[in-house]
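The values are calculated or read from the model by the stated rules, or taken from the named source; none is laboratory data. The shown structure was predicted, so the numbers you read here are calculated from the model rather than taken from an experiment. Every residue, glycine among them, receives a Cβ derived from its backbone with ideal geometry; neighbour counts consider all protein chains shown. Keep in mind that these areas ignore ligands, DNA and RNA; they rest on the heavy atoms of the full protein, side chains included. Shrake-Rupley method; radii C 1.70, N 1.55, O 1.52, S 1.80 Å.
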Amino acid sequence: MEITDNVNLLKKYIQPLVFDYTEYPTKAHWNENFQSIDYEEALQDWLENSDGENSMFYVHTPFCEQLCYFCLCSKEITKDYKKVKDYLYNVLFKEIDMLVSVFNKIGKKPKFKEIYFGGGSPTYYKKQEFQALKNKMKELINFDQINTWTVEIDPRRVDADKLKFYHSMGVNRLSFGIQDFNLGVQKEINRIQPPDLVENLLTKEIRSMFSAINFDLLIGLPAQTTDTIEETINHVSRIKPTQLQTMYMHYKPDTRRYMTNMVRNQALPDFYDRRAIFHKARNLLLKSGYKQAGFESYALPNDELSEAIEEKKAYYNSLGTQVGEANNFIAVGSSAHGSFGDYYFQNFYERNLYTDAVMSGDFPIYRGIKLNKDDKLRRDIIKTIRTYFKVSYKDYNERCNGNFNEYFANEIVMLKHAESDGLLNFKN
């Protein structure tokens, strides 16, 4: 029996975990008085004290054609494409113009290495709007320096022609929102997409066009069991994406009331069931040839993510374990959040507040924070443990005033209890 199968230990350490945790300090600690002028000053502080390397440009598209009950993303369900075009041409483009203006004022701009289109559903854009967005981004980005351009894919809304179009635009990484392949689970979350649909999209020709293909899976969905996740992983193993993210679903009916639809027929898997499903998925993926790349990520042995893990270059962020080229995010779009230098920031969730701010000439900042030395130290340690499952004192001694043990004395005392339960080891 694995140590983590010990029911008594599970009961001892069970906590009401926030499964969408990706930042430290978490968003609840960010300052809602962080405004447009603070954002401009933060950009200036960062660029004047760095070369702007290792940067990603993130674009959020807040539109979907159909509601998925598990989704925590900021989005609007609509079939009115005029709304999408209005958002793109009249608001998002203006936010990009404001960034261009600030960078011109500073006399310096980030050196972007990656682009990421998330949502909502960026596949909502038709070819003309996608092309227009790329042309607009050329005012900020030297596309010759872009190594990775990812687009999140809703497999129900694309065909081979559209995927080929993305390739012609320079996209070289696709991230498919799979969640689960079991039909019963799909019905409960209002997202029907048979595995054949995805498999037929990913022909040999299409695969040759993209250096990485990622699948997102969710753990803890309604009707999901160890048996259903085995079915899902069997399909995954056959289709063979190069990368996978197996994330815990976070249930927040207080802010997303529609999520209660997921419990209309039965309760969600509890803490113990979720853990069993997560470990079943992990063991099956490892058995089928994938390598673990951090807490919830996996990659084929010859994939760039596996190589980044081997070379200790991988980096954990809100998009999962990444190859590590982009540790700074500049993000645009409603609800988009980013990180650069010592700063976090997030735009307004509500589209009316986002739009009103942009149209008045202000960056649509909802909240933000400047990290102090202690924040950055703890953030880096957390990300390191989450990616590599260990941390070396010597790597942090200098940042701990020369003594890691003294700096984290209280934390080490608490962790000694976990060591006595066999959950971790301290080594000299």
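Roughly what % of DSSP beta bridges within the chain run antiparallel, to the nearest 5?
If we restrict to bridges inside the chain, about 35 percent are antiparallel.
What label, among (i) 57, 45, 37; (ii) 69, 56, 47; (iii) 58, 56, 42, belongs to Cα extents along the principal axes in Å computed from the structure on display?
(iii)
Please compute the Kirkwood hydrodynamic radius over the range 147-262, one decimal place, Å, based on all pairs of different Cα atoms.
Values: mean 1/r = 0.0665 Å⁻¹.
Mean inverse Cα-Cα distance, inverted, gives 15.0 Å.
Once Rh is set to the Kirkwood radius over Cα pairs, what Stokes-Einstein translational diffusion coefficient, in µm²/s, holds for the range 156-205 at a temperature of 10 °C and a viscosity of 1.306 mPa s?
130 µm²/s
Average the reciprocal distances over every distinct pair of alpha-carbons in the range 108-178, invert the result, and give the Kirkwood radius in Å.
Evaluated on the range 108-178, it is 12.7 Å.
The range 183-238 to the range 72-88: how many Å between their Cα centroids?
Spelled out, the Cα-based centre of one part sits 25 Å from the other.
Starting from the Cα of LYS187, draw a straight line to each of the aspartates and glutamates and keep only those under 16 Å, dropping any in the same chain fewer than 8 residues away.
Reachable aspartates and glutamates: GLU231.
Positive end of the charge dipole of the range 239-364 (Lys, Arg +1 and Asp, Glu -1 on Cβ, about the Cα centre): tell me which of ALA308, THR321, PRO253 has its Cα farthest that way.
Of ALA308, THR321, PRO253, it is PRO253.
Which three extents, in angstrom, do the Cα atoms of the range 251-330 have along their principal axes, listed largest first?
Between the extreme Cα coordinates on each principal axis of the range 251-330 lie 46, 38, 16 Å.
Can you tell me the dipole magnitude for the chain around its Cα centre, using point charges on the Cβ only (Lys, Arg +1; Asp, Glu -1), in Debye to the nearest 20?
Numbers: 56 positive and 58 negative charges, 126 e Å.
Taking the Cα centre of the chain as origin, the dipole is about 600 debye.
Need the list of aspartates and glutamates near LYS313 for cross-linking: C-alpha distance under 18 angstrom, and skip anything on the same chain fewer than eight residues off.
GLU53, GLU114, GLU296, ASP303, GLU304, GLU325, ASP380, ASP395
If you roll a 1.4 Å probe over the chain with all protein chains in place, what percent of the accessible area is carbon or sulfur?
Here carbon and sulfur together make up 48 percent of the probe-accessible area.
Which residues does the label zone of ASN142 cover in the range 36-67, counting backbone N under 14 Å from a point 7 Å along Cα→Cβ?
51-55
For PHE210, PHE426, give the ranking by accessible area with the largest first, probe 1.4 Å.
Working: PHE210 15, PHE426 60 Å².
Putting PHE210, PHE426 in descending order of accessible area: PHE426, PHE210.
Using only the heavy atoms of the protein chains and a 1.4 Å probe, how would CYS73, CYS400 rank by accessible area, largest first?
Accessible-area ranking of CYS73, CYS400, largest first: CYS73, CYS400.
Where a ≥ b ≥ c are the square roots of the eigenvalues of the C-alpha gyration tensor, would you call the range 1-145 rounded, which needs a/c under 1.5, or, failing that, prolate if a/b is larger than b/c, or oblate?
Because a/c hits 1.5 or more and a/b fails to exceed b/c, the range 1-145 counts as oblate.
How high is the relative contact order of the range 126-232, in percent, with contacts defined as C-alpha pairs under 8 Å that are six or more residues apart?
Working: 105 pairs, mean separation 32.9, N = 107.
The normalised contact order for the range 126-232 reaches 31 percent.
With a 1.4 Å probe and all protein chains left in place, how much accessible area per residue does the chain have, in Å²?
Numbers: 19820 Å² over 428 residues.
Counting only protein heavy atoms, the per-residue value for the chain is 46 Å².
Relative contact order of the chain, please, whole-number percent, based on alpha carbon pairs below 8 angstrom and at least 6 residues apart.
It comes to 20 percent, rounded to a whole number.
When the Cα centres of the range 28-58 and the range 311-380 are compared, how far apart do they sit, in Å?
A separation of 8 Å, based on Cα centres.
Over the range 310-428, consider all pairs of different Cα atoms and compute the Kirkwood hydrodynamic radius from their mean reciprocal separation; express it in Å, one decimal.
17.0 Å
Could the peptides 219-232, 181-194, 125-138 be put in order, highest first, of the mean number of other beta-carbon atoms found within 10 Å of their residues?
Packing order, densest peptide first, comes out as 219-232, 181-194, 125-138.
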